[in-house]
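**Q** Below are the structure tokens for one structure; questions will follow.
Quick note: the coordinates plus some simple rules give every number you see, no bench work behind them. Please read these numbers as outputs of a predicted model, since none were measured by experiment. With ideal geometry, Cβ positions are generated from the backbone for all residues, glycine too; neighbour counts draw on all protein chains shown.
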Number of protein chains: 2
Amino acid sequence: MGSFLIAGRFMLTMTGSGIGIIENGAVVVEGQEIKEVGASSELEKKYPGLPRLGGRDKIVMPGLIDAHIHTGIALLRGTAQDTKNWMQQGIAPFKRHMQPRDIRLGSMVNIMEGLKNGTTTFADYDFPLDDIIENYLEIGARACLASTINELSPGMDKLKIGELYPLDESIGRERLAKALELIEKWESRGEGRLTFLLGPQGPDMLGEKLLGEIKDLSRKQGYKIHMHVAQGDREIDQMEKRYGIRSVPFLEKQGLIDEDLIAVHLTEATDLETRLLAEKGAKMVHCPGSIGIIDGLVPPVLEFLQAGGQAALGSDQAPGNNCNNMFNEMKMACVLNKVKKGDPTVMPAWKALRMATIEAANVLGLENILGSLEPGKKADLLIIDLNQPTLVPALSHPVRNIAPNLVYSARGNEVETVLINGEIVVEKRKIKKVDEEEICREANKAGVELGERAAEDILSSANEMVKMMEEGYL
Amino acid sequence: MGSFLIAGRFMLTMTGSGIGIIENGAVVVEGQEIKEVGASSELEKKYPGLPRLGGRDKIVMPGLIDAHIHTGIALLRGTAQDTKNWMQQGIAPFKRHMQPRDIRLGSMVNIMEGLKNGTTTFADYDFPLDDIIENYLEIGARACLASTINELSPGMDKLKIGELYPLDESIGRERLAKALELIEKWESRGEGRLTFLLGPQGPDMLGEKLLGEIKDLSRKQGYKIHMHVAQGDREIDQMEKRYGIRSVPFLEKQGLIDEDLIAVHLTEATDLETRLLAEKGAKMVHCPGSIGIIDGLVPPVLEFLQAGGQAALGSDQAPGNNCNNMFNEMKMACVLNKVKKGDPTVMPAWKALRMATIEAANVLGLENILGSLEPGKKADLLIIDLNQPTLVPALSHPVRNIAPNLVYSARGNEVETVLINGEIVVEKRKIKKVDEEEICREANKAGVELGERAAEDILSSANEMVKMMEEGYL
């Protein structure tokens, strides 16, 4: 950590209503924070001795925020694509054979993938989180953590599809205790890189009593609630079977819908439910790639935004979305929503950039420290190389094509340098603090071993990928 | 050029009905061609002295085929996104200020982008093509070229939207003559890297007389016809105004629908029209990214495939799709079609891989030389690094996740080495024969100058991106 002057031909401050462009701008970083933002020529005069980063062939912008990710299951990447029963038949038979080392290694691969592609904050929603937190600290990334709380007993994934899950309050209570211990243990560490949310896993996955207690805790202690809501027809079916009511009306009745609710997915929310959430100030996380691939659906994010709601983007998880790259999510958000509406003007590129930066910070309650280039905010930022084919040409007149090129053309590997908390964590496209290739090799080995352990379960089930292999397609 | 033994942990031969996997396989390349394909252990014994490429941490697969691309307008990247009148208000006012150097530089940037991301064959559909062909030969890529033929006079882009274009047969005749001269001039050059198609630009853009003559030529000389068909409501409207009939029935009446027709887009084709094309043996090129962004639509490729048709994928052009990367196209094809049908099982990853390799070769009539790893075919192939986060873990048991990881997770920069015609043209992710950074810099400069020349035209029109800039979004 030190002080830098970081200049860019195009600086996306993400202030105002759009991308907050400053051409030939610069940022002065001091310690963990942004000290000053302005014209490069002025700041260069004012701070003549500072080490320089960036330059005339660069874009400088805030780090990207992945507002919903489960890094713990990354070692299952690619194991359940193009299938119908993604969770119960695809993922679960692998997941039950995962060991702590599998979680740790897969999570690190996921974090490396995100980080190299410009993700600086990961809203990780998983259990257990201790090893995953060690990864974030080791690599130097920022995490906004929710330890998932549910009341599901281990055998739950063996239930028949459609059968009501039995809930066990003691399990949920233990999970809640662990979530609070986790916060206690880690909150003061990582020099402010770690923040926390409460993570009930979904209205169908824990009882109303514990959910109420979590809401009380949230009110008292100020932690927001990060929760899957209306994430699939499976959830709605469970809610109707258990309570005779759909997820959103249930949450309303329980008093959970307010500005502290971060509702993830809303895949199955009706227009009315979506508007209700937005109007009551709840936030939404839109995971277009994941839900597109797993369900073939596009959640109602446009309706949510239109009702005045604030939404962020999330990459969800490697086995579903199959990748964790916010450049992918921004593009998917734009293209999938255009196609849903048959209208090329909806979800423009600048909006996707906002939903991956400043609006994501708002959603997670981190808008005072993240999401834009402004004095006093944490120095989480990206330096992006303009001399890459995908970003050529870079124009400012008569039209400025930087936002469309970042969203529709860039792949993520245009990111050259990543600063988090004022520290350079990626330099010349290399992660500084861990050995990427070594981790990939180890994770590959662990994945193969996990496959061996899971093989009997997978092969004895009606796994659709096994069928595709047998038929000679894979 | 020389001889190599190229080994891979996973070799995708693309033979059979799926990806034709050989685990621990190898390819022997001799000169321009593939000599032998088989188990790595056997081929290593049989050819002990050959220089080795690839290795245990690699995927080896055929080069990707971009079956429809206009590289000549790449310098307009990002200038018309999120807008309604993409062609007439977005692209045309820029295009009319393009100079030959702009075409040449933009095209080179596009080819670099594709090549680094594994595209080895570019079905370039443009006019004029001479400079573009020089690019392909300079960089060492393969091109399947169609010089576009239309009867549109230069002022056509100034017509009001909906007005019938005047057609001038003399222009079309000159374009046809130039297309034939082009073939004559280049066909014997490039050591077989250059192949040719006839390229009438669309049923609405030239008269029925010339179209008939082109069809006769195609029959006599064996060149297939590469043509936009039902590419937008604009085309259908023109056809109905000019002939009182839609594009597909018109082409049927003219005798153009047969196995030599490569119909691009079909955005506006009805199910009946789509089936008719497939049943008569016409081929389709599906450009999911481009049509998704420009029109907010998903063309009827699933209906075409279901009717027994063969389809390929294309990236179309930089100003629409905004990128020219077949990894993007494969993913877009899968996700957009899943979302269109609300079904995660449609358009599986293995099918997208086939549509970018062997089935694309079939579509372009190049199946005897391209699209799979088989003895006697040209040595166009990719070596892909498995030690990249996006491809971790690589599993073969109990499920083989290589196809989903390549399609849903890889971004393109996992491609390490590219061989075309037996020659290494990309090595360690660097293009060998041109200076990438220098070209990007020059193209950036040319883009800025083009912007200046076009500024008055753009600013005096109702350009939607200018409006977004004025409103502070871009």
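**Q** Pairs A:Lys178/B:Lys341; B:Lys331/B:Lys377; B:Lys45/B:Lys377: which are spaced more than 30 Å apart, C-alpha to C-alpha?
**A** Working: A:Lys178/B:Lys341 42 Å; B:Lys331/B:Lys377 27 Å; B:Lys45/B:Lys377 23 Å.
Those over the limit are A:Lys178/B:Lys341.
**Q** Using a 7 Å offset from Cα along the direction of the beta-carbon, what are the separations from B:Ala462 to the same position in each other copy, nm, ascending?
**A** 5.5
**Q** Please determine, in degrees from 0 to 90 and to the nearest 10, the orientation of helix A:130-139 with respect to the longest principal axis defined by the Cα atoms of chain A, where the helix direction is its Cα long axis.
**A** Relative to chain A, helix A:130-139 is tipped by roughly 20 degrees.
**Q** Restricting the count to DSSP beta bridges whose residues both fall in the protein assembly as shown, what percent are antiparallel, rounded to a multiple of 5?
**A** Looking only at bridges with both residues in the protein assembly as shown, the antiparallel portion is about 50 percent.
**Q** Kindly provide log₁₀ I(q)/I(0) values, in the same order as q = 0.12, 0.13 Å⁻¹, from the Debye equation applied to equal alpha-carbon scatterers of the stretch A:64-364.
**A** Evaluating at q = 0.12, 0.13 Å⁻¹ gives log10 I(q)/I(0) of -0.72, -0.86.
**Q** With all pairs of different alpha carbon atoms counted, what Kirkwood hydrodynamic radius in Å does the stretch A:257-373 show?
**A** About 14.0 Å, per the Kirkwood formula over Cα pairs.
**Q** Rounded if a/c is under 1.5, else prolate if a/b beats b/c, else oblate: with a ≥ b ≥ c from the C-alpha gyration tensor eigenvalues square-rooted, which is the stretch A:236-315?
**A** Oblate, since a/c reaches 1.5 and b/c is not below a/b.
**Q** Let me ask something additional. Where does chain A land at 222 nm, in deg cm²/dmol rounded to the nearest 500, when only DSSP H runs of n ≥ 4 count, each adding -39500 (n - 2.57), divided by all residues?
**A** It lands at -11000 deg cm²/dmol.
**Q** Could you work out how far apart the two model spin labels at A:Leu180 and A:Lys432 are, taking each label as a point 7 Å from the Cα in the direction of the beta carbon, and quote it in nm?
**A** Spacing of the two 7 Å Cα→Cβ label points: 3.9 nm.
**Q** While we're looking at this one, here's another question. Considering only the label points, 7 Å along Cα→Cβ from Cα, what distances in nm to one decimal separate B:Lys432 from the same position in each other copy, shortest first?
**A** Once sorted, the set of distances for B:Lys432 reads 3.6 nm.
**Q** Which percent, nearest 5, of DSSP beta bridges in chain B are antiparallel?
**A** The antiparallel fraction comes to roughly 50 percent.
**Q** Could you tell me the ratio Rg/Rh of the stretch A:278-318? Both radii from Cα atoms, Rh via Kirkwood. Please report the intermediate quantities before stating the final value.
**A** On the way: Rg = 10.8 Å, Rh = 10.6 Å.
Ratio value, two decimals: 1.01.
**Q** Further question on the same structure: Would you please calculate the Kirkwood hydrodynamic radius of the stretch B:1-140 over all C-alpha pairs and express it in Å, rounded to one decimal?
**A** On the way: mean 1/r = 0.0564 Å⁻¹.
By the Kirkwood definition, the hydrodynamic radius is 17.7 Å.
**Q** Could you compute the FRET efficiency for A:Arg52 and B:Val448, with r as their C-beta to C-beta distance and R0 at 25 Å, rounded to 0.05?
**A** That pair, A:Arg52 with B:Val448, gives E of 0.60.
**Q** OK, next. Can you list the aspartates and glutamates whose alpha carbon sits under 16 Å from that of B:Lys253, skipping same-chain ones fewer than 8 residues off?
**A** B:Asp204, B:Glu208, B:Glu213, B:Asp216, B:Glu240, B:Glu273, B:Glu279
**Q** Multiply the residue separation of A:Asp237 and A:Asp168 by 0.36 nm, subtract the distance between their alpha-carbon atoms, and state the gained length in nm to one decimal.
**A** This chain segment gains 22.9 nm when fully extended.
**Q** Reachable lysines from B:Lys430, Cα under 18 Å, same-chain residues fewer than 8 places away excluded?
**A** Once the sequence-local lysines are set aside, what remains near B:Lys430 is A:Lys428, A:Lys430, B:Lys58, B:Lys116.
**Q** Using C-alpha positions alone, give me the convex hull volume of the protein assembly as shown per residue in cubic angstrom.
**A** Details: hull volume 141.1 nm³, N = 948.
Hull volume normalised by residue count: 149 Å³.
**Q** Stretched out fully, how many nm does the piece from A:Glu187 to A:Glu138 gain, at 0.36 nm a residue minus the Cα gap?
**A** Numbers: separation 49, 0.36 × 49 = 17.64 nm, distance 1.58 nm.
Length gained, A:Glu187 through A:Glu138: 16.1 nm.
**Q** To the nearest 20 debye, what is the magnitude of the charge dipole of chain B about its Cα centre, counting +1 on the Cβ of each Lys and Arg and -1 on the Cβ of each Asp and Glu?
**A** Computed charge dipole of chain B: roughly 1000 debye.
**Q** Enumerate the aspartates and glutamates that B:Lys378 could reach by cross-link, defined here as Cα to Cα under 18 Å, with residues fewer than 8 away along the same chain left out.
**A** Counting by Cα, and skipping residues close in sequence, B:Lys378 has these aspartates and glutamates nearby: B:Glu30, B:Glu33, B:Glu36, B:Asp66, B:Glu187, B:Glu191, B:Glu359, B:Glu367, B:Glu423.
**Q** Within the stretch A:199-231, which residues have the backbone N less than 17 Å from the label spot 7 Å out from A:Thr270 along Cα→beta-carbon, could you tell me?
**A** Those under the cut-off are A:230-231.
**Q** Also, quick follow-up: Neighbouring Cβ atoms within 10 Å as the yardstick, rank B:Phe10, B:Phe327 fewest first.
**A** Lowest count first: B:Phe10, B:Phe327.
**Q** Cβ neighbours within 10 Å, averaged per peptide: list A:445-454, B:139-148, B:191-200 in order, most packed at the top.
**A** Result, highest mean first: B:139-148, B:191-200, A:445-454.
**Q** Taking the Cα centre as origin and putting +1 on Lys and Arg beta-carbons and -1 on Asp and Glu beta-carbons, what dipole magnitude results for the stretch B:420-459, to the nearest 20 debye?
**A** Details: 8 positive and 11 negative charges, 71 e Å.
Taking the Cα centre of the stretch B:420-459 as origin, the dipole is about 340 debye.
**Q** Here is a follow-up. Could you give, in nm with one decimal, how far A:Gly49 is from each other copy of that position, shortest first, with labels 7 Å out from Cα toward Cβ?
**A** Going from nearest to farthest copy, the values are 6.6 nm.
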